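Colleague: A single structure is presented below for examination.
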2 protein chains.
Amino acid sequence: LIQLGHQVKMGSRKAGHEKALTWVAKNGAAASQGTFAECAHFGEMLINCTAGGGSIDALKSADLNDLNSKILIDIANPLDFSHGMPPTLSVCNTDSLGEQIQRTFPGLKVVKSLNTVNAAIMVNPGQLSAESVIFLSGNDAAAKATVAELLRSGFGWTAIVDLGDISTARVTEMLLPIWIRLMLVQGTPLFNFAIIR
Amino acid sequence: LIQLGHQVKMGSRKAGHEKALTWVAKNGAAASQGTFAECAHFGEMLINCTAGGGSIDALKSADLNDLNSKILIDIANPLDFSHGMPPTLSVCNTDSLGEQIQRTFPGLKVVKSLNTVNAAIMVNPGQLSAESVIFLSGNDAAAKATVAELLRSGFGWTAIVDLGDISTARVTEMLLPIWIRLMLVQGTPLFNFAIIR
């Protein structure tokens, strides 16, 4: 995001998190860090990169006024590692983390995306050997168009599939079990799905 | 299967099902029909193509001696249409239909496969524009090798991924929600996933 010219603030529960400070030191004036609440205030667009089990609490620590009308790209997955590997989903089938966030913060424009690939693939899908697919779910068409433009022009995604409203976050979050299994079988997280017609 | 030279008996709850009779009439001496129990007795290899909600009952109608030591390719999915479209899964996340069948019939060699594609793709993946993937899950390595050979030599699958034991049936059954959503978005069931590295 910084390479694309954006100002980026990385949040954590307390300001001054060691990893955030290291990242800021490496990335110059465009990079800053602070609490989740400070990030929510700072950003024109928000990205939820927290662990799924902590996403609602992280967002609750923000001032509601700082969430209203903003786009939140929700890349988190509701993985439950409490019973070891492989993780299960703490919510699925009839609900999803994306829907829970949207219900809890009706003023946010939640766009579920990027949750089906590794972080290195999110921002550089062109490193794979062929075109692969990324999904969008959300209730706000304009917000989805804005996110799609970031994915396309910013990151280089060419196959972007709009699955529908935020309830379709269920179907991409339920991809995680096979994604994790394939990571274990193949020995790498650097892969993605394509849709072959 | 008949084109490959196999004798095939199609089962239903009662012998003489109208659709089975029509299929037999079209397919000559290699085709026959009967009850699920008669099919279980007849087959060297069994294929569960029943609706997921009826699979256990269909198998329970067989003589247990006719199930022991046989391979069952389980292509069913535990879809629950009782609340309308899209269906939910009647079991997922911490269990699967494949595991339920294996637990209920320990003597069966259950191989979950083909449940992630439309019937027309199952037997002819070459109709798609590029190579796509099919998965295997099961506890018996020799049974999986036998099924893989049918997929490869019989149907033309080239990308066959063994995900592991029958508990990995969870991860392919949980592909159904996104498969159904993509079918609705794209307007066709004639697609499949590929894995891009």
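The values are calculated or read from the model by the stated rules, or taken from the named source; none is laboratory data. Worth saying up front: this structure is predicted, and the values here are computed from it rather than measured. Here Cβ is always computed from backbone atoms with ideal geometry, including for glycine, and neighbour counts include all displayed protein chains. For accessibility, only protein heavy atoms count, side chains too; no ligands or nucleic acids. Shrake-Rupley method; radii C 1.70, N 1.55, O 1.52, S 1.80 Å.
Colleague: State the answer as a single residue: which of B:SER137, B:SER69, B:ASN93 lies farthest towards the positive end of the charge dipole of the range B:28-164, with beta carbon charges of +1 for Lys and Arg and -1 for Asp and Glu, about the Cα centre.
Modeller: The Cα lying farthest towards the positive end belongs to B:SER137.
Colleague: Counting each DSSP H run of 4 or more residues in chain A as -39500 (n - 2.57), what helix-only mean residue ellipticity at 222 nm follows after dividing by all residues, to the nearest 500 deg cm²/dmol?
Modeller: -8000 deg cm²/dmol
Colleague: A further question on this structure: Starting from a Cα-only point model with no solvent, please compute log10 I(q)/I(0) by Debye for the range B:43-106 at q = 0.12, 0.26 1/Å.
Modeller: Taken in order of the listed q values, log10 I(q)/I(0) reads -0.32, -1.18.
Colleague: Given just the C-alpha atoms of chain B, how large is their convex hull per residue in cubic angstrom?
Modeller: Output value, Cα hull per residue: 133 Å³.
Colleague: Still on this structure: To one decimal in nm, how far is B:ASN124 from the same spot in the other copies, if labels go 7 Å from Cα toward Cβ? Please give the shortest first.
Modeller: In nanometres, ordered from closest: 4.3.
Colleague: Still on this structure, I have one more. For the pair A and B, how large is the buried accessible area, both sides, in square angstrom to the nearest 100, if the probe is 1.4 Å?
Modeller: By this definition, chains A and B bury close to 2900 Å².
Colleague: Could you work out the equivalent-ellipsoid semi-axes for the protein assembly as shown, taking the square root of 5 times each eigenvalue of the Cα gyration tensor, largest first, in whole Å?
Modeller: Equivalent-ellipsoid dimensions as semi-axes: 45, 20, 19 Å.
Colleague: Quick one: with all protein chains in place, what share of the accessible area of the range B:90-184 is carbon or sulfur, to the nearest percent (1.4 Å probe)?
Modeller: 52 percent
Colleague: Further question on the same structure: When you look at the Cβ of every residue in A:159-171, what mean number of other chain Cβ atoms sits within 10 Å?
Modeller: Other-chain Cβ atoms within 10 Å of each residue's Cβ, averaged: 3.
Colleague: Now for a separate question. P(r) for the range B:107-184, please, calculated from all Cα pair distances in 10 Å bins and given in %.
Modeller: 19, 51, 28, 3
Colleague: When only DSSP loop residues count, what trypsin sites (Lys or Arg not before Pro) in the range B:1-68 have their Cβ near at most 14 other Cβ atoms within 10 Å?
Modeller: Answer in residue order: B:ARG13, B:LYS14.
Colleague: So if I place +1 on the C-beta of Lys and Arg and -1 on the C-beta of Asp and Glu, and nothing else carries charge, what would the dipole magnitude of the range B:20-162 be about its Cα centre? I want it in debye, nearest 20.
Modeller: 160 debye
Colleague: Putting +1 on Lys and Arg Cβ atoms and -1 on Asp and Glu Cβ atoms, find which of B:PRO189, A:PRO177, A:ALA51 reaches farthest to the positive end of the dipole of the protein assembly as shown.
Modeller: It is B:PRO189, whose Cα lies furthest towards the positive end.
Colleague: If you don't mind, another one. Which values, in whole Å and largest first, are the semi-axes of the equivalent ellipsoid of the range A:13-75 obtained as the square root of 5 times each eigenvalue of the Cα gyration tensor?
Modeller: Equivalent ellipsoid semi-axes, largest first: 20, 14, 11 Å.
Colleague: Peptide A:178-186: average number of partner chain Cβ atoms within 10 Å per residue?
Modeller: 5
Colleague: Can you give the mean number of other chain Cβ atoms that lie within 10 Å of the Cβ atoms in peptide B:128-138?
Modeller: Across B:128-138, the average partner-chain Cβ count within 10 Å equals 2.
Colleague: On to the next question. Quick query: amide H of A:VAL111 versus all other amide H atoms, modeled in the peptide plane; which residues come in under 5 Å with a sequence gap of 5 or more or a different chain?
Modeller: For A:VAL111, the qualifying residues are A:LEU72, A:ILE73, A:ASP74.
Colleague: Then there's this: Measure of size requested: the Rg and Dmax of the range B:145-197, with Cα atoms as the atom set and Å as the unit; please supply both.
Modeller: 13.2, 35
Colleague: Per residue, how large is the accessible surface of the range B:1-148? Use a 1.4 angstrom probe and give square angstrom.
Modeller: Result: 50 Å² of accessible area for each residue.
Colleague: Could you pull the copy-to-copy label distances for A:LYS19, with points set 7 Å along Cα to Cβ, in nm to one decimal and sorted shortest first?
Modeller: 5.1
Colleague: Would you kindly work out, in nm and rounded to one decimal, the distances from the label point of B:LEU184 to those of the same position in each other copy, ordered shortest first, with label points 7 Å along Cα-to-Cβ?
Modeller: With the label placed 7 Å along Cα→Cβ, B:LEU184 yields 3.1 nm.
Colleague: Let me ask something additional. Based on alpha-carbon centroids, what's the gap between the range B:1-30 and the range A:154-169 in Å, whole number please?
Modeller: The range B:1-30 and the range A:154-169 have Cα centres separated by 43 Å.
Colleague: Lysine pairs, Cα distance under 13 Å, 8 or more residues apart or cross-chain: how many in the range A:44-154?
Modeller: The number of close lysine pairs in the range A:44-154 is 4.
Colleague: With a/c under 1.5 counting as rounded, go ahead and sort the range A:51-149 into rounded, prolate or oblate using the C-alpha gyration tensor (a ≥ b ≥ c being the square roots of the eigenvalues; past the cut-off, prolate if a/b is larger than b/c, else oblate).
Modeller: oblate
Colleague: Buried by at least 40 Å² relative to the chain on its own: which residues of the range B:77-99 qualify, computing accessible area with a 1.4 Å probe on protein heavy atoms?
Modeller: Checking the loss per residue gives B:THR88, B:ASN93.
Colleague: Still on this structure, please answer the following. Based on Cβ point charges of +1 for Lys and Arg and -1 for Asp and Glu, what charge dipole magnitude is obtained for the protein assembly as shown about its Cα centre, in debye rounded to the nearest 20?
Modeller: Rounded to the nearest 20 debye, it is 300 debye.
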